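Data first, discussion second: the structure below is written as structure tokens.
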Amino acid sequence: MRKILSLFLCSWMAVWVFAYDTLRINNPATWTVSELSKYSGQTMVFATPMYVVSNNGGYYVSPRRIFTPTNIAYPSECSYYSSLNKNGKVYISGISGYHRTGEMIYNMVAKISSSSLTFKSGDWKGNSRADLQANVPSVDIRGEHTLLVCAMNLEYYLTDFSSYHDRGPRSLAEHQKQRTKISKALAKINADIYGFVEVQKGDGALKEIADDLTKNTGRNFTYVKGTDAVSGTYTKSGYVYCTDVVETASALQGIDAIVKDRKMMMVFMEKATMERFIFSLNHFKAKSGGTSTDCQGAYNEERVQEANAVVTKYNKFKNAIKEENILVMGDLNAYAYEDPIEVFRDAHFIDLHNAFYAKQSYSYTYNNEAGYLDHALCDSSMYQQVTGMAVYHINSDELDKYTYESGDTTMFRCSDHDPVLVGLKLRPNPTTEVGINAMKIYYGSDIIEVSNAARFSEESYIRIYSVDGHLMQEQKLDHPIYPTEDDTDIQYVDSPLHSGVYIVEIYRYDADGKGRVKHFKIIVP
């Protein structure tokens, strides 16, 4: 009996030891480390998943991914989000092994002090090297693609070192290491058309990349020839494509505003369908070299000029070739809500990052803040032919110590920017389905009516944001709406929101065929 009682007590004590109190974070978007002070000295289970937001010189975690302020808000709100970012992460000790930024810890058990954590246990999920090696992210969100387009900044892919200028590989031996890593990444992606920025002027670099793709994929690749002599001092942009699938259907169109050889357009034609589109590839002037008070960096006005030059060129070019469909990609050196991107929005271009991932998309990290400098934008006609877009996070979440200089031979950290992928299914005269003239959303007992919502189709969605821009809920309207005379309502059904003020965003098409975003406010008592 004594032995049985002893075993019972030991079992009960084991359960008691691990029955930690639960810590829930009600609003991850505005959480700051100061909220931990009241739990100091306790070991608790975090019911809210925690992101690794920094892994350089120690780990920091947060209940949200830390985004560059102007990737989620306009420059006028820069100071507020900068302060929130500064105070929205906490140092955590006790983590072993290598974990990338963006990985998440579920059911984390940690001992809490007023300003730090000590990790005890947790379930690691997502964004690991193993996950990314297993699968390239899908671009078949709205159907199966027939063309895959990839744009990527290659971080100075040089093949000639006679005029080396402190960026990129310093020797042929270093370049071969760079080439190995990049070749593995590009073969894994296996796109039909690539647009590269930060490749060496002249055709040598593009030819080398095309040759490697041909060898590693078993498909035939070539490149669009340029006219510049080889130089290690300057880099340019350039196209590589699979001749089995597409062919060029225009001369190369250069746009030399502000910087040369970095903005261009080319018409590609899919052989199977004979359908065409304009691929605009760009690398805008960098942010470095000055100061800024609104988070937009130096040379913002120059980038605005570049954006205007691209839009102007497009308007002339599309009329000359009788082709409206355009996909704009590349490193624009501007985040989602900065002035150069507003130029494209004002011209009715659709931001594919935002359309598919709201404010959660990124392709680059700087000072441990995520955002996308690498854009994918298109006109409304092209948007009807986009099956999806995705960012392949093989670079931005990696430590710099894994570059080719370290001797690492994996595809990870082959550049400092992530490749951006867009799936296309080209077809003639794409249209949206005609729907209702008005729509009602039921939220709880409230009815919200949105007027002039004339067209809805597969890409329509409803999103609810907190007032500080954090995406709380999303419902995609994954089929066209065919209402009857008595059936003009859509019911929004999802988990309840906490009391507060929220912004509802509806993306839909108006009668003129242009994509529109409608915003309005709801109050949850």
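Largest first and to the nearest Å, give the Cα extent of region 130-424 along each principal axis.
Ordered largest first, region 130-424 gives principal extents of 49, 47, 41 Å.
Pull out the extension gain between residue 215 and residue 288, defined as 0.36 nm times the separation in residues minus the alpha carbon to alpha carbon distance; nm, one decimal.
Difference between extended and current length: 22.5 nm.
FRET efficiency for residue 321 and residue 106, Cβ-Cβ distance as r, R0 = 56 Å, nearest 0.05?
Efficiency computed from Cβ-Cβ geometry: 0.60.
Averaged over all directions, how much area does the convex hull of the C-alpha atoms of region 189-292 cover when projected, in nm²?
Approximately 7.9 nm², given one-decimal rounding.
Would you kindly derive the ³J(HN,Hα) couplings of region 128-143 from the backbone phi angles with the Karplus curve 6.51 cos²θ - 1.76 cosθ + 1.60 (θ = phi - 60°), listing them in order in whole Hz, with x for Gly and Pro?
Working through the residues one at a time gives 8, 4, 4, 4, 6, 5, 6, 9, 6, x, 6, 10, 9, 6, 10, x Hz.
Take residue 409 and residue 47, extend 7 Å from each Cα along the Cα→Cβ direction, and tell me the distance between the two endpoints in nm.
About 4.9 nm separates the two model spin labels.
Stretched out fully, how many nm does the piece from residue 121 to residue 381 gain, at 0.36 nm a residue minus the Cα gap?
Net length gain for the segment: 88.6 nm.
Write down the radius of gyration of region 254-407 and its Dmax, each obtained from C-alpha positions, in Å.
16.4, 51
What distance in nm separates the simple spin-label points at residue 399 and residue 76, each placed 7 Å from Cα in the Cβ direction?
For the pair residue 399/residue 76, the computed spacing is 4.3 nm.
What lysines could a cross-link reach from residue 89, if we take a straight Cα to Cα line under 17 Å and drop same-chain neighbours fewer than 8 places away?
38, 111
How much length is gained on full extension from residue 256 to residue 173, taking 0.36 nm per residue of separation minus their Cα-Cα distance?
Answer, rounded to one decimal: 26.6 nm.
In a solvent-free Debye calculation with one equal scatterer on each Cα, what is log10 I(q)/I(0) for region 2-127 at q = 0.17, 0.19, 0.20 Å⁻¹, listed in the order of the q values?
-0.88, -1.04, -1.12
Each reported figure results from applying straightforward, stated rules to the coordinates on display, with no laboratory input. Note that the structure is a prediction, hence the values are computed from the model and not measured. Here the Cβ is made from the backbone with ideal geometry for all residues, glycine too, and neighbour counts use every protein chain on show.
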